[in-house]
Every structure is written in structure tokens, then in C-alpha cells.
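Accompanying notes for the structure given below.
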Amino acid sequence: MTTPPVKAQGRQKSDTASSDEKRERILRAAEQLFDELGYANTTIDQIAQRLGVTKPFVYYYFRNKQELFEQLSWAPTVACFTAMDFPEDDARPAHTQVADGIERLIRATLAHHPAAFFPYREPQAYRPEYVAAQKALANRFYDRLCALLERGRAEGMFDFNDTKITALAACSLPGFLYNWYRPDGRLSPEEVVRELSQLAWRVLGLRTRRRKPPSEDKPPET
């Protein structure tokens, strides 16, 4: 499921050629303010002032600030929780897909800064319907990741104990970026992707070479 749990409409009756552009301007201004002030301290009035427009202009495209907040949060939610989606004909080994997916997850988190961090900062701001949709995407993501991890372990490419705990631990690394990441920080976004990917692979026990399963180590029967 990647359909937004709410469709932004506001008072607008039908889309026009410039609707998307105007919505995007409002979203970017709101994103900056939510990042600077937090959800509770941001008002529609402040968003309008940041844009240099009137409040009715904002209300024409969005019903309220919660709708804005959820719209901003949904795009990174989808980008992150579809990071393990690969074509059915992807013939790469499981461990290669996992490594690729983890890297995609981290890159998506950075690409959607700061909105990607809103769910970690202010989880109380979302409606139950939104939380349910987010949870459904997350469960689907972890189901796919755990299946790939178990396949990779059977192939001798991972070393871990509990599959779900290992998956959660590895994916918590990009989650905690919101505590310290800054786009203008010491490391470039690409360097952050590389560093965190390698740390996540270590958490997963990713091997550089295939280790034979115990059944293949047994001497041949005579």
C-alpha cells in the first residue's frame, strides 16, 4: 500500500495546471517551519507569512496543518519502506539485495531530510488512520527484509541469531540520524550513506565470502 492515507484538497474543487506547483511551495515552507519550530508551535498563519501570502491561500490547498504534516511525512515513509522492493526477476543473491536495500533506505532517509525525521520527533501528531497506514508499510518492509536475511543466512552469507531483532537493530541506524544529522555537517550525504551502510552490514553479520552451511561441511558417506 503506497496510497496516501489522506488526499490534500483543502477548499479547491478541482486541480488546475498550477495546483501542484502551489501545493509544493506551501509544503516546502511548512517543512522548514515544522523543522525549526516543531509541529505544536507552527501555525497556518506562520506558513502564510513565510510564503508572503494570506491564510486563505493555504487553506485553499490544505485543510489544516495536520494534513500538511502528514503529506510531508508520507513521501519519505514510502521511499524508506519500499527500499526492499525488488523486481520478481531480480536474480541477485539474498545478501546482495539486503545490502542494496539497506543502502537505499539510508539514502532515502537523507534525501527526504528533514521530513523523514518528523515521525521520530513528533509521533503524537499523526491521526490513528495515518499511523495504521504507516505500520502496514513498515510490516511489509520487515517481512521482506527478514525473508531475505533468512535466505542469506541459509546460504552462509549472514551470521546472526534472532532474525527480527537483527533487522530492527540494523534499520535503527538510519532512524537515529534525526539526533545528529545535518546536511552541512562534517560528512557529505554520500559519506554518511557509506559509513552507516557498512555499520548496518556489520550488525547483520554480513560476510565478504560465502560460508558453507553445516550440511556441506560433513564428510561424504562411505
Karplus 3J(HN,Hα) series, Hz, for segment 35-45 with 6.51 cos²θ - 1.76 cosθ + 1.60 (x for Gly, Pro): 5, 6, 10, x, 5, 4, 8, 9, 10, 4, 4
Residue-by-residue Karplus 3J(HN,Hα) for segment 193-201, coefficients 6.51, -1.76, 1.60, Hz, glycine and proline x: 4, 5, 5, 5, 4, 5, 5, 5, 4
Computed E for GLU36/THR163 - FRET, C-beta separation, R0 45 angstrom, nearest 0.05: 0.70
In nm, spacing of pseudo-spin labels at ASP45 and ARG151 (7 Å Cα→C-beta vector): 5.6 nm
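Counting other C-beta atoms within 10 Å, and keeping those with at most 13, which DSSP coil GluC sites (Glu not before Pro) do you find in segment 60-115? Numbers along the way, then the final one.
Working: sites: GLU67, GLU70, GLU88, GLU103; in loops: GLU88.
When the GluC sites (Glu not before Pro) of segment 60-115 are filtered for loop state and at most 13 Cβ neighbours within 10 Å, GLU88 remain.
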Unit Cα scatterers, Debye sum, segment 38-107: log10 I(q)/I(0) for q = 0.14 Å⁻¹: -0.61
13 Å cut-off, amide nitrogen to a point 7 angstrom out along ASP100 Cα→Cβ, residues in segment 69-86: 83-86
Estimated inter-spin distance, TYR178 and SER18, nm [label 7 Å along Cα→Cβ]: 3.5 nm
Debye intensity ratio in log₁₀ form over the Cα atoms of segment 113-154, taken at each q of 0.18, 0.21 Å⁻¹: -0.65, -0.75
Sequence-distant residues sharing a close amide H with ARG63 (under 5 Å, placed H): GLN9, GLY10
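Leaving out ligands and nucleic acids, note down the accessible area per residue over the chain with a 1.4 angstrom probe, in whole Å².
Numbers: 12510 Å² over 222 residues.
Accessible surface, normalised per residue, equals 56 Å².
If I take R0 = 22 Å and measure r between the Cβ atoms of GLU122 and LYS55 in this structure, what FRET efficiency does the formula 1/(1 + (r/R0)^6) give, to the nearest 0.05? List each step's numbers first, then the result.
Working: r = 23 Å, r/R0 = 1.03.
Efficiency computed from Cβ-Cβ geometry: 0.45.
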0 to 90° range, to nearest 10: angle between helix 94-111 axis and the chain longest Cα axis: 20 degrees
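Pull out a ≥ b ≥ c, the square roots of the eigenvalues of the alpha-carbon gyration tensor of segment 150-206, then state rounded if a/c is under 1.5, prolate if not and a/b is larger than b/c, and oblate in the remaining case.
Prolate, because a/c is 1.5 or more and a/b exceeds b/c.
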Peptides ranked, highest mean first, by Cβ atoms within 10 Å: ranges 22-35, 176-189: 22-35, 176-189
Hydrodynamic radius by Kirkwood, which averages 1/r over all alpha carbon pairs of the chain, in angstrom: 19.6 Å
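The values are calculated or read from the model by the stated rules, or taken from the named source; none is laboratory data. From a predicted model like this one, the values you see are computed outputs, not experimental measurements. For neighbour counting, all protein chains shown are included, and Cβ atoms are generated from backbone atoms with ideal geometry for every residue, glycine included. When the accessible area is computed, the model is the full protein with side chains, heavy atoms only, and any ligands, DNA or RNA have been set aside. Shrake-Rupley method; radii C 1.70, N 1.55, O 1.52, S 1.80 Å.
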